[in-house]
Amino acid sequence: MSFIDKVRVTVAAGAGGNGKLSFRHEKFIDKGGPDGGDGGDGGDIVLAASRNQNTLAAFRYNKEVRADPGRPGGKTRKHGRSGKDLIVAVPVGTIATKEDGTVVADLVQDGQRAIVAKGGRGGFGNAHFVSSRRQAPNFAEKGDPGEVFDLQLELKMIADVGLVGLPNAGKSTLLSKLSNARPEIADYPFTTLTPNLGVVDIDKTSSLLFADIPGLIEGAAEGKGLGHDFLRHVERTAVILHLIDAYNDDVAAAYKTIRGELKAYSTDLTKRPEIVAITKIEGFDPEMVADLIKQLKKAVSKKTPVFAISALAGIGVNPLLFSINNVVKADRAKVADSNVESAPPVYKLTDTSDAYTVTKEDDIFVVTGERIEKFARRTDFDSEEGVQRLRDIMRRAGILHELTRQGIEAGQTIRIGSGTLVY
């Protein structure tokens, strides 16, 4: 299965079912009353984070996800069946974003769910509108449409440790020796074409999740090479483990190259905690290793630990793992403390759903507003009683008064959403 970590899909929640227009008709019962039932609600689109998913490849050819619509209401006040919610499994670390950049879901825990598209509410049947003043309503509501829009799904791996480095720096080899991950390894650059995950046991009580990020090259942040598409996976790691091949002509220059790409990325990744390790030292004597470490320490921050290891020979690996574990624990504790200390702000929102505007376009008066447009969508404009109910709602909301103030005359057209009525 190909590794896909960024896709665009269309989500379509289910439409609500229409309410039923019906009157009771039974033998020996004269003038049976209204008995039309309500329509069922449409199904929601729900994203569910799952550890069993590790790619967004399922959406490569399935570009639309659609939930079931609600069923219409029936006679004898029968309520229409609601549409089933569509549960869509995505990998942990998936972010769902609308076209305007609004994040509608950020799934960071296994089992976490988020409704990304709401199903439409079912319309009321005519039995719902019975009152002392309206004993035989001859209209019913339409169901609301479900939300439909394009959604971008982007996977950002959530790992404790992100392995970065130039191609062939030994990332895959280290991961394969420390964990159960089995990345393809060969003696040439760009071996790794997709990120690999592996669980590394530190001791009997703790383990860390490592992510092997494909090799970066100079210019990766601008789109060159294979690593650009995978830099996003470093964003959520607790610590960056920067590996440098001991056989590089200049280990300090190799370090600065990758460090520059991390800094140039849209999110400055150099702010993440970092540990540096020189790899493949099994063919070097201690003096040569010490000289490489000395060269590298001139390029790194004073707070950055520098190690020399051989994954194949197991040299220096345990001290490196213990150091990584300590940094991860400190970072996670820092995040936990900040979450506790920063109390969520309290926002006092002003309800603007009843607000409306009236404008004139040629000879047509256009009414816009969240609440009135919602009522218009649910109105059957072929039913005079249904239209009259909409007029009553407009009167109570003050819209008819505003139309009169703007000079509307009898016979002129009012447009609300996609529906029209005559004043």
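Just so it is clear, none of the values below were taken in a lab; they were calculated from the coordinates. Every value quoted in this text rests on a predicted model; they were computed, and no experiment measured them. Cβ: placed from backbone, ideal geometry, glycine included. Neighbour counts: every protein chain shown.
Values for this structure:
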| quantity | calculated |
| --- | --- |
| Overall Cα dimensions of the stretch 357-422 - principal axes, largest extent first, Å | 26, 22, 19 |
| Prolate/oblate/rounded label for the stretch 1-155 (Cα gyration tensor, a/c 1.5) | prolate |
| Residue order, fewest to most beta carbons within 10 Å, for Ser82, Ser176 | Ser176, Ser82 |
| Considering only the stretch 357-422, percent of DSSP beta bridges that pair antiparallel, nearest 5 | 70 |
| Sorted by Cβ neighbour density within 10 Å, fewest at the top, the residues Thr94, Thr257 | Thr257, Thr94 |
| Cβ crowding within 10 Å averaged over residues, with 104-114, 375-385 ranked highest first | 375-385, 104-114 |
| When each of Lys298/Lys329; Lys6/Lys280; Lys63/Lys329; Lys263/Lys294 is checked by Cα-Cα distance, pairs over 32 Å | Lys6/Lys280; Lys63/Lys329 |
| ³J(HN,Hα), Karplus 6.51/-1.76/1.60, whole Hz, each residue of the stretch 297-307, x for Gly, Pro | 5, 6, 9, 8, 5, 4, 7, 8, x, 10, 10 |
| Vicinal HN-Hα couplings computed from phi for the stretch 126-135 (Karplus, 6.51 cos²θ - 1.76 cosθ + 1.60; Hz; Gly/Pro x) | 5, 5, 5, 9, 5, 8, 5, 8, 10, 8 |
| Antiparallel bridge percentage (DSSP; both residues within the stretch 1-127; nearest 5) | 55 |
| Cβ crowding within 10 Å averaged over residues, with 13-21, 201-209, 325-333, 123-131 ranked highest first | 13-21, 123-131, 325-333, 201-209 |
